[in-house]
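Structure record follows, encoded as structure tokens.
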């Protein structure tokens, strides 16, 4: 039988309106840096928030054992029961909070958790408050789901974190998402301010989502979890950052009991289940906490090094680096185009950094984000290159 040939007059199928989202700029920079490396250039990576260390040894050993002994087939949609139990225990260990393991949902990275949380809580057209600067994928996922973003502009006057006045100025909200420690600033909400915000949301029926992916990575006071103040929040975390398991793509969220079955149905249909091998690794990671604390000590050393050395290269004004592994630098004394400056630094100094435009479309042209998640040797080399590039 001869196949029918589509007429040349047929109308081409177009991409959906909701798919019209911006690229994740840091990944574009990562690709540009990789292109230069393939061409033989030496690049120090400070663009991506990725630990320079592998998964803990205990996690990797658990995987080797599982590969030898298990089929590693589908797990339950909500995750392996043992992993959910270990995550629940972490909340008691870190915060003194008791949660039922049944409220823990294992996800395909924190990205999968955001998709599940947004679909669970928001209909198309819902208005969700986000800080600016902030992690760009929040905005992009909400756009793809036909939700409205209410950007809450924050700055140094409130420690790069919102207060109640900021939130009320945003107008009507169906939901509010905050990260502490935050990307790109590394700043944190005080327990008092977090408590005030969770109470404000509860009194107004505003769904509160707490992104706690950088918990465990603080350099002074520990971070507070929203669960210390509110049992009705959606709390999202991941094994990517503190646990040094970015590529394993395994995260979790803690949800109110009444939403567990709702999340489960959506997860079954979208993801079936998180990767079994990654869940096995995550269970093992809890036996590697001493190793993870040594990693945190490296980040603390890297942070101190950069705070001392970057001003010598002309990068002087930073948001308070309370946690995570980022410095958010005001470079307005050097440029009015942070994207062009980032390209020059990559091309001329061999250091990959992220322009603030990825996090703040209005003011990001004045900022660069430096990630100090790599090895101390790499961070020291980046500082040396930047100082040489600036003639310092």
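Points 7 angstrom from Cα along the Cβ direction at residue 308 and residue 35: gap in nanometres? Modelled inter-label distance: 3.7 nm. Put the Cα centre of the range 296-339 next to the Cα centre of the range 340-392 and the gap is 9 Å.
Ranking of 78, 142, 305 by neighbouring Cβ atoms within 10 Å, starting from the fewest: 305, 142, 78. Per-residue ellipticity at 222 nm, computed for the chain from helices alone with -39500 (n - 2.57) per DSSP H run of at least four residues, works out to -11500 deg cm²/dmol. Straightening the chain between residue 232 and residue 297 buys 20.0 nm, computed as 0.36 nm per residue apart minus the Cα-Cα spacing. If you wrap the range 55-210 in the convex hull of its Cα atoms and look at it from every side, the mean projected area works out to 11.1 nm². The range 92-127 and the range 179-236 have Cα centres separated by 13 Å.
In a fully extended conformation the segment linking residue 98 and residue 65 would gain 8.8 nm over its present Cα-Cα distance, using 0.36 nm per residue.
Each of 312, 387 has some number of other Cβ atoms within 10 Å of its Cβ, and from fewest to most they run 312, 387.
Where in the range 70-100 does the label zone of residue 268 land, with the point 7 angstrom along Cα→C-beta and an amide N cut-off under 15 Å? Residues passing the 15 Å test: 75-79. Computed extension length for residue 376-residue 261: 36.9 nm, one decimal, from 0.36 nm per residue of separation with the Cα-Cα distance subtracted. In terms of other Cβ atoms within 10 Å, 347, 211 run from fewest to most in the order 347, 211. Listed options for mean projected area of the Cα convex hull in nm² are [x] 19.1; [y] 20.7; [z] 24.1. The value calculated from this structure is the one marked [z].
What does DSSP give for the range 71-288 in terms of the percent of beta bridges that are antiparallel, rounded to the nearest 5?
Within the range 71-288, antiparallel bridges account for around 35 percent of the total.
Each value in this text was obtained by applying a stated rule to the coordinates, not by laboratory testing. Quick caveat: nothing in here was measured; it's all calculated off a predicted structure. Heads up, the Cβs are rebuilt from the backbone with ideal geometry, glycines too, and the neighbour counts pull from every protein chain shown.
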